[in-house]
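J.: Before we start, here is the structure in question, set down as structure tokens.
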Amino acid sequence: MTAAPLALIDRPDGAILFDTPAGRVSAAAFLAQARALAATLPAAANLVNACRDAHAVALGIAAALLRGQVSLLSGDPSPATLARLAEDYPGAAVLTDADVHAAIAGAGQAGGPMPEFAAGQPAMVVLTSGTTGRPVGTRKCWGELVARSRAAGERFVLAEDAPAQVLATVPPGHMYGLETTVLLPLHAAAAVRGERVFFPGDIGAALATLGGNAVLVTTPLHLRAALDGARPARPPGRVISATAPLDPALAARAEREWGCAVLEIFGASEVGSIASRRTVADDDWALYPGVTLALADDTPMVAAPHAATRRLADRVALSADGRRFRLLGRDTDTVKLAGRRASLAGLARLLMEIEGVRDGVFVAPDDLDRNPIARLAAIAVAPGLSAERLMEALRARVEPAFLPRPLVLVDEIPRDGLGKAPRAGLLALLAARAP
Amino acid sequence: MQAKSTGGHLTTDEQATPFELEVARLIVEQLHLETDPAAIDPVAPLFGEGLGLDSIDALEMSLAISKTYGVTLRSDDPRNKEIFASLRGLAGFIAASRAG
């Protein structure tokens, strides 16, 4: 049986999808813009979507679908990432915000009949950098993306009579931002403010312009900053947080000070958003409609409509009915910072690859999962190298979030007879030199 | 055993003004940097190279500046490139916003 094709947009013609500095974009106008952009795309199998505003990212994905091209997206559209992509996907075209804005300048308000794409049509490859420095891609077909947006719309009870006004502090190329600020408005009752907000002052100013149904899509880090900043004159109706566990105390504070519900999404770049909870009320995560989780020899496997069954990196306990799960903690080598995952062993390898480094380890502080501004520490043996030179070399190999603070140079790393560096010894070494 | 701090900075002959030094102290304290505030070159980049700050630091810095000086940083400020370019740019912005 072949699945029915799925429309590019499943919203009323006049529904607002994006609220941009150039004006509000209705479903019909978005289609006209997508067609105008598609006509300008160069012939290529793959399109690197290096746009930074959500509206442009969405148009790039839509135009690529219209041309039968696959979009390549990365949470980190830095020149280094783009250069690596060019090597891995020879011949890929690159699309920027400026390209999109130039292409849609003359687009009208109506784009004709709504296009449909087969559920199995390859839509995008989402790239995560991991710790090897080489981006790793997850393929997503059109059906998987549409089904997930609809599931989110159902879970967060989004309705056309009062569409959610989405305001985000997360970048649109990261899987979480992609789902909530780029894909969601195509198939669920949400209008996304195209410009990302960052500082508490940005959030307050943007909220003042939105209606009562404002949803702040954010992370524990940004939420904490927003709460520490001046109270917004008009707080959001709802907060959605992801990328790292939200401290229940922080969630409770937001609910109290802003008078709104604070919800959390659980997901990963490979599998996308799969579950949610209200942090102050639930320890358990409730799976999205249509998403299932099963344990194969303790390894959680996620299945979802039109998606390949994929492994989840976390350890979980499943409820009896299989619809809820609880996290059992991460393996001690995996750390997550600024929404990106890395392996401590992998980071240590990168450190030891630097010429002049004889030994090196990365250490995660005890409060890494609770403190949004916690940083990794690194200890290195590198006679003849200054900490400054070493940081410079690390900066070229490691994503900014994983750069150590502090980086400590020592004569010897305390290793046991098996060559392992016990964590207690490393923490003691770090504590000994703290002010 | 010798332990050295992070926070590489380019060195020029520029001298920090007393207010720049005050802002440097605030940054070092709030971001738990291991740099001597007096050693921060007022014209060297704060982000990436130079002092090596990132977006998490930018957020922390905005809170400290708002609490200490009542000055709000905004993403859409056309002067941002200048403001975040160096300690001098940031201190100049804070001084001007406080006065205004």
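The values are calculated or read from the model by the stated rules, or taken from the named source; none is laboratory data. Source: prediction; values computed, not measured. Heads up, the Cβs are rebuilt from the backbone with ideal geometry, glycines too, and the neighbour counts pull from every protein chain shown. Keep in mind that these areas ignore ligands, DNA and RNA; they rest on the heavy atoms of the full protein, side chains included. Shrake-Rupley method; radii C 1.70, N 1.55, O 1.52, S 1.80 Å.
J.: Round to a whole number: what % of the accessible area of region B:49-91 belongs to carbon and sulfur, probe 1.4 Å?
T.: 49
J.: Shielding by partners for A:194-203, please: the mean number of other protein chain Cβ atoms within 10 Å of each residue's Cβ.
T.: Values: counts 0, 2, 1, 3, 8, 13, 7, 9, 7, 1.
The per-residue average across the peptide is 5.
J.: Something else about it: Rounded to a whole number, what % of the accessible area of region A:274-384 do carbon and sulfur atoms account for, probe 1.4 Å?
T.: Numbers: 2490 of 5220 Å².
Carbon and sulfur together cover 48 percent of it.
J.: Write down the radius of gyration of region A:128-258 and its Dmax, each obtained from C-alpha positions, in Å.
T.: Radius of gyration, then largest Cα-Cα span, for region A:128-258: 15.3, 47 Å.
J.: Here is a follow-up. Ranked from highest to lowest mean number of other Cβ atoms within 10 Å per residue, what is the order of the peptides A:198-209, A:345-356? Please list the in-between numbers first.
T.: On the way: A:198-209: 21.0, A:345-356: 16.9.
Result, highest mean first: A:198-209, A:345-356.
J.: Grab the DSSP H runs of the protein assembly as shown that are 4 residues or longer, score each as -39,500 (n - 2.57), total them, divide by all residues and round the 222 nm result to the nearest 500 deg cm²/dmol. List each step's numbers first, then the result.
T.: Values: 16 runs with 165 residues, N = 535.
Taken over the protein assembly as shown, the calculation gives -9000 deg cm²/dmol.
J.: Projecting each Cα onto the charge dipole of the protein assembly as shown (Lys/Arg +1, Asp/Glu -1 at the beta carbon, about the Cα centre), which of A:301, A:343, B:37 comes out farthest on the positive side?
T.: With unit charges placed on the Cβ atoms, the residue in question is A:301.
J.: Next question, about the same structure. Could you work out the mean count of beta carbons from other protein chains within 10 Å of each residue's beta carbon in B:31-39?
T.: On the way: counts 3, 6, 2, 8, 0, 0, 0, 0, 0.
That works out to 2 on average.
J.: Separate question: Under unit Cβ charges (Lys, Arg +1; Asp, Glu -1), what dipole magnitude, rounded to 20 debye, does region B:25-99 have relative to its Cα centre? Could you put the intermediate results ahead of the total?
T.: Working: 7 positive and 11 negative charges, 86 e Å.
Charge dipole of region B:25-99: 420 debye, to the nearest 20.
J.: A further question follows. P(r) for region A:334-432: what percent of alpha-carbon pairs falls in each 5 Å bin, starting at zero?
T.: Percent of pairs per bin, in order: 2, 13, 27, 26, 20, 10, 3, 0.
J.: Whole number in Å², please: accessible area per residue of chain A, 1.4 Å probe, ligands, DNA and RNA not counted. Walk me through the numbers on the way to the answer.
T.: On the way: 17620 Å² over 435 residues.
Per-residue value: 41 Å².
J.: Ignoring ligands, DNA and RNA and using a 1.4 Å probe, state the total buried accessible area between B and A in Å², rounded to the nearest 100.
T.: Details: alone 6380 and 18910 Å², together 22630 Å².
About 2700 Å² of accessible surface is lost on pairing.
J.: Work out, in µm²/s and without decimals, the Stokes-Einstein translational diffusion coefficient of region A:296-357 at 25 °C, 0.890 mPa s, Rh from Kirkwood over C-alpha pairs. Let's see the in-between values first.
T.: On the way: Rh = 14.3 Å.
For the chosen part, D equals 171 µm²/s.
J.: Relative to the compact-globule scaling 2.2 N^0.38 Å, provide the ratio for the alpha-carbon radius of gyration of region A:383-428.
T.: Details: Rg = 12.7 Å, N = 46, 2.2 N^0.38 = 9.4 Å.
It is 1.34.
J.: Evaluate peptide A:141-152: per residue, the Cβ atoms of other protein chains within 10 Å of its Cβ; return the mean as an integer.
T.: Details: counts 0, 0, 0, 0, 0, 0, 0, 0, 0, 0, 0, 0.
What the average comes to for A:141-152 is 0.
J.: Related question: Can you say what percent of the DSSP beta bridges in region A:213-362, counting only those with both residues inside, are antiparallel? Round to 5. List each step's numbers first, then the result.
T.: Working: 24 of 32 bridges.
Restricted to region A:213-362, the bridges split so that about 75 percent are antiparallel.
J.: Right, next: Report the normalised scattering of region B:25-99 as log10 I(q)/I(0) at q = 0.11, 0.24 Å⁻¹, calculated by the Debye formula with identical scatterers on the alpha carbons.
T.: Log10 I(q)/I(0), no solvent term: -0.24, -1.30.
J.: State the antiparallel share, in %, of DSSP beta bridges confined to chain A, rounding to the nearest 5. Walk me through the numbers on the way to the answer.
T.: Values: 41 of 71 bridges.
Close to 60 percent.
J.: Please arrange A:94, A:166 by accessible surface area, largest first, computed with a 1.4 Å probe and ligands excluded.
T.: On the way: A:94 80, A:166 5 Å².
Largest accessible area first, the list is A:94, A:166.
J.: What's the Cα-based Rg to Rh of chain A, Rh via Kirkwood? Intermediate values should be presented prior to the final figure.
T.: Numbers: Rg = 22.6 Å, Rh = 23.0 Å.
That ratio equals 0.98.
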